[in-house]
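The structure under discussion appears below in the form of structure tokens.
Just so it is clear, none of the values below were taken in a lab; they were calculated from the coordinates. This one's a predicted model, so the numbers in the text were calculated from it and none came from an experiment. As a convention, Cβ positions derive from the backbone with ideal geometry for all residues, glycine included, and neighbour counts pool all protein chains shown.
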Amino acid sequence: MKIINRNWEVKTSYLLSLLSAALLVTGCKKDFLDVPPQAQQPVTQFWQTQEDATAAVNAMYANTRGWTFSAFASMAVESLGSDDASTGTEPSDGSYGFMNEFDAYTVTSTNDRVNDFWVGMYQQINYCNQVLDNIPNINMDGALKARYLLEAKFLRAYSYFRLVRAFGDVPLRLHVPASGSEYNLPRTPKAEVWAAIEADLTEAAAGLPASYTGANVGRATKGAALALLTKVAIYQSKWAEAKTYSEQVMGLGYSLYADYEKMFRVVGENCAESIYEIQCAYLPNIPGASNSQYCQIQQARGSFDGNGWGFNTPTQSLADAYEPNDPRKFGSILFRGLTSAEGDLIPLNATNPMYNYKSYVPFASYTTTGGSEQNIRVIRFADVLLMNAEANNELGNTANALASLELVRKRARDFAIANGAPSNTLPAVTSTNQSDIRTAIYHERRVELGMDFDSRYFDVIRQGRGSAVFGPLGWQANKNEVWPIPQKEIDLSAGMLQQNPGYN
């Protein structure tokens, strides 16, 4: 029997909701995600051993590769509203017109992608809460138990971060419901949600290891928790905290990857710049793995892969934002009529003038694995450096702000000059005026993070520039800072959930 309220699924007779499905369909190259198919196990027989704990944590990670967590829903909610991304114009994508609503800011509460995003985040929170509620009672290695719990707190915090940013006040659930009265919760004030996120990440940062080796590479780390804490602080204009957290990340040994373009290829996965990636892999010969479906997570993010998906394609506005000879332009955008580094010609008759190179699926991979082996980069060191620059600038620490900004620009400059660009390419920012530096940082965030997973839309909104940047495209202040609460969730709650202003 299933009890479902606000799409929160709890199975009374079985382990994690969709556990078997998550383990089957999710492809990941690390052993902690390469889990063989298994039947559902009665809950009375589960949560008994260390092996049970490991299986549950593996399922928690595996779900991050899920369709509602990393594909259409996240792309629509977190990217398509920005001036960097367009829905594209592929005729074969015509049946997905609901994506255009995000591009045009005409989204309503009945849009399925809004609902999918809500479901995807709360499903992940459900996995995390089951781990957090049940693993403490298992007799197992103490150090491993502690680490598993902190990994769950990181992933729960990441899910709530995405929810509160997208919707504002959201129901805060920190445990699996223990009684009927705990299913239908009202929206929690966003300040309390932010506090819960900070609490989870603070614990995770204090106890998670700085790195892993072998099969454990890709799990949540101290650096990932601190980097997300930095982002959480930035979104709340807590500049001193953002400075502190980012400096701690800067002391953990991360560095900028020299070749910007290759950083987003398979060869650049889990490199020295990577702070957190969703681990992915092609899993052949596993019935039910559905690699053919999940490879579309990369294709659907605006890559030209021989099939021509048109979603989330770069805009001319983004292309024009790059300074002359900035190598990040061609490391982020595939232009029609040009050939990729892998030797794939984007034909002149391709429908869209440009495609997302960061999610690019080489033609050879498209015919074999579909790109399902390509990791999703979530947080990079360059992002942390730019957040550090922003925090320092807002605090009046001009020299430190310019130093962090320069590190990011220098990586691009050095690569450009090494490949024949003039020596005056991408000159260092020298102004000491706070407003000028702020403008330079905002520019650098756009060109450095352009077409990254979840990079610009909410960045501009939290900077207070929504009207100035997106207003000409139809964005409305006091409405489009958040998206509508899904109508399905309001109906399931019998009106307990109230709609955001401006939506019906």
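Tabulated data for the structure shown
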read-out	value
Gyration tensor over alpha-carbon atoms, the range 309-371, equivalent ellipsoid semi-axes in Å	21, 13, 11
Cα-projected label distance for GLN48 with ASN100, points at 7 Å along beta-carbon direction, nm	5.6
Computed label-point distance, nm, for sites VAL267 and VAL176 using a 7 Å Cα→Cβ extension	4.6
D (Stokes-Einstein, µm²/s), Kirkwood Cα radius, the range 183-289, 1.002 mPa s at 20 °C	133
Label point at GLN476 placed 7 Å out along Cα→Cβ; residues across the range 145-189 whose backbone nitrogen lies under 15 Å	none
Peptide ranges 384-390, 498-504 listed from the most packed, as the mean C-beta count within 10 angstrom indicates	384-390, 498-504
Pairs beyond 29 Å (Cα-Cα), from LYS222/LYS262; LYS153/LYS479; LYS145/LYS262; LYS231/LYS358	LYS153/LYS479; LYS145/LYS262
ALA240 paired with ALA494, simple spin-label distance in nm, labels 7 Å along Cα-to-beta-carbon	4.7
Theoretical FRET efficiency, 1/(1+(r/R0)^6), r = Cβ-Cβ of GLU323 and LEU348, R0 22 Å, to 0.05	0.25
Stretch gain in nm, segment THR432-ARG465, where the contour uses 0.36 nm per residue and the Cα spacing is subtracted	9.7 nm
Most to least packed among 409-420, 469-480 [average Cβ atoms within 10 Å]	409-420, 469-480
Proximal aspartates and glutamates relative to LYS238, as straight alpha-carbon distance under 14 Å, when same-chain residues fewer than 8 apart are discounted	GLU198, GLU390, GLU394
Over the range 369-445, equivalent-ellipsoid semi-axes from the Cα gyration tensor in Å	27, 19, 9
HN-Hα J in Hz across the range 77-85 - Karplus 6.51, -1.76, 1.60, θ = phi - 60°, x for Gly and Pro	6, 9, 10, 5, x, 7, 7, 8, 10
Kirkwood Rh, Cα atoms: Rg over Rh of the range 43-157	1.15
